[in-house]
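S.K.: Shown below is the structure under consideration.
The values are calculated or read from the model by the stated rules, or taken from the named source; none is laboratory data. In this text, all values refer to a predicted model and were calculated from it rather than measured experimentally. With ideal geometry, Cβ positions are generated from the backbone for all residues, glycine too; neighbour counts draw on all protein chains shown. Side chains are part of the model used for accessible areas, which takes the heavy atoms of the whole protein and leaves out ligands, DNA and RNA. Shrake-Rupley method; radii C 1.70, N 1.55, O 1.52, S 1.80 Å.
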Amino acid sequence: MTGINKKVALVIGDTHDAPSLSKERFYWIGRHTAVLKPDVLIHIGDISSFDSLCHFIPDDTYTAKVTKPLYEEDMLSLQEALSELDKGLGNYNVKKVLLEGNHEFRLHKYADKNPPVFGMLQKKFYEVMESFKWEHIEMSKMYNFGGVNFTHVPINAMGKAYGGVNAERKIATETANDLVFGHSHRFQDVRVPVLGSPLAYRRVVNVGSSMPHGHIEEYAKHNLSGWTWQITEIRIWDNHIQEVNSISMQTLEELYKRRKK
């Protein structure tokens, strides 16, 4: 093992921040990052739910007036969450990368249907992310780290997101590199042999969600979800995912919850 160039990525799953959710989990994630000291902290996307821009509930309905926050409330909530994460990081300066997901895409979709605000929503969001020193990668694009690709959700040859119970295995047979993604909120770790040599393989990891333990978004409350709640440590060398360690949100709370004096 001597001389191997190991790289460590700590990956935050879909957090779906919202004004109604506690921000303390972001502090726990920051504290664990400072303890682990990874080379990069990657948020896999859907950092916020952006329910203010949800197109499933039209703005001119009673339901929207009762349930949808203002965009400004969503942004203030996100700023509070990112501030808590930085408090947890303390003096540890780590590269931070956000891979935009379908909920970040709500900004573009809403603005496209409402031309008077086109560009304004995105500008505010990117200003907030940059103020906390987060780099952002556009949705469906790959971020390569140590020879491994990271994205919110991989897109197939038909231009559609991979889905279904065997999505990870399907991706592994078609990807050129090991791959890490999120989106479905269900942790999976799949390794598939490929032609080339007895040692050749592709490994695909779905990091699940980093929402509060047991939290299910409203749209999924009547379904079989299979959701999981954790952050994921990924160790990389020889251009492959070599080690995967998930830390549950419950464990993070046990380790780093701030106790009232």
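S.K.: Among all residue pairs at least 6 apart or on different chains, which show Cβ distances below 6 Å where the first residue, located in the stretch 77-95, is over 19 Å from D39 (Cα atoms) and the second is crowded, with 20+ Cβ neighbours inside 10 Å and among the hydroxyl-bearing types (S, T, Y)?
M.R.: Hits for this filter: L78/S48; E84/Y27.
S.K.: Residues that are touching a residue at least 12 places away in the same chain (Cβ under 8 Å), surrounded by 12 or more Cβ atoms within 10 Å (Cβ to Cβ) and in contact with a Phe, Trp or Tyr (Cβ under 7 Å, 6 or more places away or on another chain): does the stretch 45-54 have at least one?
M.R.: Within the stretch 45-54, the first condition is being touching a residue at least 12 places away in the same chain (Cβ under 8 Å), and the residues that meet it are 45-54.
Next, only the ones that are surrounded by 12 or more Cβ atoms within 10 Å (Cβ to Cβ) stay: 45-54.
After this cut, where a residue has to be in contact with a Phe, Trp or Tyr (Cβ under 7 Å, 6 or more places away or on another chain) as well, the list is 52-53.
There is at least one residue in the stretch 45-54 that is touching a residue at least 12 places away in the same chain (Cβ under 8 Å), surrounded by 12 or more Cβ atoms within 10 Å (Cβ to Cβ) and in contact with a Phe, Trp or Tyr (Cβ under 7 Å, 6 or more places away or on another chain).
S.K.: Something else now. Could you tell me whether the stretch 22-42 includes any residue that is farther than 28 Å from N245 by Cα, polar (S, T, N, Q), open to solvent by 30 Å² or more (accessible area, probe 1.4 Å) and part of a loop (DSSP other than H, G, I, E, B)? Give the derivation first.
M.R.: Let us first name the residues in the stretch 22-42 that are farther than 28 Å from N245 by Cα, namely none.
No, the stretch 22-42 contains no residue that is farther than 28 Å from N245 by Cα, polar (S, T, N, Q), open to solvent by 30 Å² or more (accessible area, probe 1.4 Å) and part of a loop (DSSP other than H, G, I, E, B).
S.K.: Select from the stretch 169-202 the residues that are in contact with a Phe, Trp or Tyr (Cβ under 8 Å, 6 or more places away or on another chain), of a type in the set (D, E, K, R) and not in a loop (DSSP other than H, G, I, E, B) and list them in ascending order.
M.R.: K170, R191
S.K.: Moving to a separate point now. Looking at R106, R191, R169 in this structure, which one is free of Cβ contacts under 8 Å to residues at least 60 places away in the same chain and crowded, with 20+ Cβ neighbours inside 10 Å? Before you say what the answer is, go through the steps one by one.
M.R.: On the way: R191 fails: crowded, with 20+ Cβ neighbours inside 10 Å; R169 fails: crowded, with 20+ Cβ neighbours inside 10 Å.
Matching residue, one of R106, R191, R169: R106.
S.K.: I'm trying to understand the selection: among the residues of the stretch 216-260, which are loosely packed, with under 14 Cβ neighbours inside 10 Å and more than 25 Å from V8 (Cβ to Cβ)? Outline the logic, then answer.
M.R.: If we filter the stretch 216-260 for residues that are loosely packed, with under 14 Cβ neighbours inside 10 Å, which is where we start, we get 218-224, 226, 238-239, 243, 245, 250, 254-255, 257-260.
Once the filter is applied, which keeps residues that are loosely packed, with under 14 Cβ neighbours inside 10 Å and more than 25 Å from V8 (Cβ to Cβ), the stretch 216-260 yields E218, Y219, A220, K221, H222, N223, L224, G226, R258, R259, K260.
S.K.: Which one of these is within 27 Å of Q242 (Cβ to Cβ), modelled with pLDDT of 95 or more and of a type in the set (S, T, Y): Y143, Y126? Steps first, answer last, please.
M.R.: Numbers: Y126 fails: within 27 Å of Q242 (Cβ to Cβ).
Answer to the selection: Y143.
S.K.: Going through V97, V66 one at a time, which residue ends up being out of contact with any helix residue (DSSP H, G or I) (no Cβ under 6 Å at 6 or more places or on another chain), of a type in the set (A, V, I, L, M) and open to solvent by 10 Å² or more (accessible area, probe 1.4 Å)?
M.R.: Working: V97 fails: open to solvent by 10 Å² or more (accessible area, probe 1.4 Å).
Exactly one of V97, V66 is out of contact with any helix residue (DSSP H, G or I) (no Cβ under 6 Å at 6 or more places or on another chain), of a type in the set (A, V, I, L, M) and open to solvent by 10 Å² or more (accessible area, probe 1.4 Å), namely V66.
S.K.: Starting from the stretch 153-166, keep only residues that are under 15 Å from F181 (Cα atoms), then list their pairs with residues that are aromatic (F, W, Y) whose Cβ atoms are within a distance under 8 Å, requiring at least 6 positions of separation or different chains.
M.R.: Hits for this filter: V153/Y162; V153/F181; P154/Y162; P154/F181; I155/Y162; N156/Y162.
S.K.: N206 fails exactly one of the following numbered conditions: (1) in contact with a His (Cβ under 9 Å, 6 or more places away or on another chain); (2) in a loop (DSSP other than H, G, I, E, B); (3) surrounded by 21 or more Cβ atoms within 10 Å (Cβ to Cβ); (4) not β-branched (V, I, T). What is the number of that condition?
M.R.: Evaluating N206 over (1) in contact with a His (Cβ under 9 Å, 6 or more places away or on another chain); (2) in a loop (DSSP other than H, G, I, E, B); (3) surrounded by 21 or more Cβ atoms within 10 Å (Cβ to Cβ); (4) not β-branched (V, I, T) leaves (2) as the failure.
S.K.: Right, another one. Exactly one condition in (1) free of Cβ contacts under 8 Å to residues at least 24 places away in the same chain; (2) hydrophobic (A, V, I, L, M, F, W, C); (3) open to solvent by 20 Å² or more (accessible area, probe 1.4 Å) is not met by I137; state its number.
M.R.: Single failed check for I137: (1).
S.K.: Ok, one more. Report, by residue number, each residue of the stretch 1-20 that is of a type outside the set (G, A, S) and open to solvent by 30 Å² or more (accessible area, probe 1.4 Å).
M.R.: Within the stretch 1-20, the first condition is being of a type outside the set (G, A, S), and the residues that meet it are 1-2, 4-8, 10-12, 14-17, 19.
Result: M1, T2, I4, N5, K6, K7, P19.
S.K.: Filter the stretch 43-85 down to residues that are in a loop (DSSP other than H, G, I, E, B), under 24 Å from N206 (Cα atoms) and not acidic (D, E), then give me how many there are. I'd like the intermediate steps shown before the answer.
M.R.: First, the residues of the stretch 43-85 that are in a loop (DSSP other than H, G, I, E, B): 44-47, 49-50, 54-61, 68-70.
So of that shortlist, the ones also under 24 Å from N206 (Cα atoms) come out as 44-47, 49-50.
Retained after the next criterion (residues that are not acidic (D, E)): 44-45, 47, 49-50.
Here the count works out to 5.
S.K.: So is K65 in contact with a strand residue (DSSP E or B) (Cβ under 8 Å, 6 or more places away or on another chain) and more than 22 Å from Q230 (Cα to Cα) or not? Break it down stepwise before answering.
M.R.: Values: in contact with a strand residue (DSSP E or B) (Cβ under 8 Å, 6 or more places away or on another chain): no; more than 22 Å from Q230 (Cα to Cα): yes.
So K65 fails the test.
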